[in-house]
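Notes to accompany the following structure.
The values are calculated or read from the model by the stated rules, or taken from the named source; none is laboratory data. What you are looking at is a predicted structure, and each value in this text was computed from that prediction instead of being measured. Cβ placement follows ideal geometry from the backbone for every residue including glycine, while neighbour counts extend to all protein chains displayed. Remember, those area values only see protein heavy atoms, side chains included, never the ligands or the DNA or RNA. Shrake-Rupley method; radii C 1.70, N 1.55, O 1.52, S 1.80 Å.
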Amino acid sequence: MEDMPYEAWLRFARQCWDKYGQPKTVVDLGCGTGTIAIPLALEGYDTIGIDLSEDMLAIARHKADEAAGGKPWPHGGKLSLLQQDMREWELGRPADAVVSFCDCMNYILETDGLLAAFQQTYEGLKPGGTFLFDMHTPYQLQSYAEEQPFLLNEDDIAYIWTSEFDEERCEIEHALTIFVKDEDERFVRVDETHVQRAYSLDTVAALLRRAWFAEVAV
C-alpha cells in the first residue's frame, strides 16, 4: 500500500470541505488500518473509523496509540474505531461528513448492497453533510486483468498476484500468494483473495440519487 495516494485523498477532502462546509465529525467507512482516519483525528476532527475486519482495526488501534504517544489528541481531535458492515453502519448520532477512500465500495458485489450503503450513509449524515469516496471504474478492472500477473521480489517479502476477470459482471478476483520473512529468517506463506466489482458512473450516480443525495459530482 506504500504507493497509495493517501495525502492526495486527504487534500481532496480538505478542498471539498472548504467548498461545502467544514465538518466537526467525520466517519471513515472501510477505514482499514487507519491511514486516513488517524491523520484526520490529528488535524482535530472527531473521527470514527468503521471497518468489517477486526484484524485491520487491531492494527489501526496500535497505529493510533503510537500516533497519540499516550497523550490527548492535538487540536481537540478524537478517534473511535467500530467494527461494522458499511451497508448497515450507524453511530446513533449524525455525522457532518463521511469519507471512503481506496476503492472500499468496490468490495460490495451487488447493486442492492451498494444502494444500502449509500442509503445508510445518507441517513447517517446531517442535512447538508458531504459524502466523499472513490471507486474503481470498469476500465480499471479490465486493465488489471490485461496487465496481470503482478510480481514482487524483495529481501524480506515477495508475492505473486494473479487476477481473473468476469466481464459480464465486471467483477474481478485477485489471488495473492505472499511470502514474508519472519524473525527466524524463514519465509512464511500467506494466501489472500480479494473480490471487487466495478459499476458504471451512471449506475453509481443513479444509486446515489435513489438514496436521496441531492448533488452528485464526479
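Ordering TRP73, TRP17 from largest to smallest accessible area (1.4 angstrom probe), what's the sequence?
Working: TRP73 50, TRP17 0 Å².
Accessible-area ranking of TRP73, TRP17, largest first: TRP73, TRP17.
Of all alpha-carbon pairs in the stretch 1-119, indicate the percentage at a distance above 24 angstrom. Before the final figure, lay out each step's value.
Details: 1619 of 7021 pairs.
That fraction is 23 percent.
Hey, what's the Kirkwood Rh for the stretch 1-44 if you take every pair of different alpha carbons, in angstrom? Before the final figure, lay out each step's value.
On the way: mean 1/r = 0.0888 Å⁻¹.
When all Cα pairs of the stretch 1-44 are included, the Kirkwood radius is 11.3 Å.
In sequence order, what are the phi-derived ³J(HN,Hα) couplings for the stretch 40-50 according to the Karplus relation 6.51 cos²θ - 1.76 cosθ + 1.60 with θ = phi - 60°, rounded to whole Hz, with x for glycine and proline?
5, 5, 5, 7, x, 7, 7, 10, 10, x, 10
Residues of the stretch 98-133 with backbone nitrogen within less than 14 Å of a virtual label 7 Å along the Cα-to-Cβ line of ALA206, please, listed as ranges.
Answer for the stretch 98-133: 111-112, 115.
Average projected area of the Cα convex hull of the chain, in nm²?
Details: hull surface 52.8 nm².
Value for the chain: 13.2 nm².
At 0.36 nm per residue, and after removing the present C-alpha to C-alpha distance, how many nm does the segment from ALA175 to GLN142 gain when stretched out fully? Before the final figure, lay out the partial values.
On the way: separation 33, 0.36 × 33 = 11.88 nm, distance 1.57 nm.
Between ALA175 and GLN142, full extension yields 10.3 nm more.
Please report the antiparallel percentage of the DSSP beta bridges confined to the chain, to the nearest 5. Show your work: numbers first, answer last.
Values: 25 of 44 bridges.
Taking every DSSP beta bridge within the chain, about 55 percent pair in antiparallel fashion.
Assuming 0.36 nm per residue, please report the length gained on full extension of the stretch VAL218 to ASN153 beyond their Cα-Cα distance. Working shown, then result.
Numbers: separation 65, 0.36 × 65 = 23.40 nm, distance 3.69 nm.
Using 0.36 nm per residue and subtracting the Cα-Cα distance, I get 19.7 nm.
Rg over Rh of the stretch 100-171, using C-alpha atoms and the Kirkwood radius, what does it come to? Kindly include the intermediate steps, with their values, before the conclusion.
Numbers: Rg = 16.6 Å, Rh = 14.9 Å.
Rounded to two decimals, Rg/Rh equals 1.11.
Lys pairs in the chain, Cα-Cα under 23 Å, at least 8 apart or on separate chains: how many?
For the chain, qualifying lysine pairs total 9.
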